[in-house]
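One structure is given here, and the rest of the page talks about it.
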Amino acid sequence: MRIASFVVLVIVVMLFGFWFGWVRAPGPGEVCDHIIEVTKSEAEDRSMQMESEAALIAQMRENCMKHKLDKIQLRGRLVWAEYAKCITGATSLDEIGRC
């Protein structure tokens, strides 16, 4: 009986470890920050006033957070994990768009 309990415990711990490693993903804040940084780096050549840029970034972050939280709620953690890893690995807006 003890051996069976130990085997079940080991299997549960391994499943939890696999699940945690696979589903663990950046949160919506990190994803939105990455999208904003990529957008800023691609739009660097345009000259904007500091106030305009700050307002645009704040609005973009707010909209992004709403969208990403909805995405988690509607599609689930597994889809979010794959999506978030794709976004944070992207280096251009084209790559982000393909995610």
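Nothing charged except the Cβ atoms of Lys and Arg (+1) and of Asp and Glu (-1): what's the magnitude of the dipole of the chain about its Cα centre? Round to the nearest 20 debye. Mind showing how you got there, number by number?
Values: 12 positive and 13 negative charges, 166 e Å.
Dipole of the chain, to the nearest 20 debye: 800 debye.
Per the helix-only calculation at 222 nm, which mean residue ellipticity applies to the chain, given -39500 (n - 2.57) for every DSSP H run of n ≥ 4 and division by its residues, nearest 500 deg cm²/dmol?
Working: 5 runs with 82 residues, N = 99.
Calculated mean residue ellipticity at 222 nm is -27500 deg cm²/dmol.
Give me the Kirkwood hydrodynamic radius of region 26-98 in Å, from all C-alpha pairs, to one decimal place? Walk me through the numbers before you get to the answer.
Numbers: mean 1/r = 0.0775 Å⁻¹.
The answer is 12.9 Å.
In whole Hz and in residue order, list the ³J(HN,Hα) couplings for region 3-13 that follow from phi through the Karplus curve 6.51 cos²θ - 1.76 cosθ + 1.60, θ = phi - 60°; x for Gly and Pro.
With coefficients 6.51, -1.76 and 1.60, one gets 5, 5, 4, 5, 4, 4, 4, 4, 5, 5, 5 Hz.
Normalised by the residues of region 26-98, what does the relative contact order come to in percent, with Cα pairs under 8 Å and at least six apart? Working shown, then result.
Values: 40 pairs, mean separation 40.4, N = 73.
55 percent.
Read-outs: derived from the displayed coordinates by stated rules, not from any lab. Computed from a predicted structure; not experimentally measured. Cβ coordinates were reconstructed from backbone atoms using ideal geometry, including for glycine residues, and neighbour counts include every protein chain displayed.
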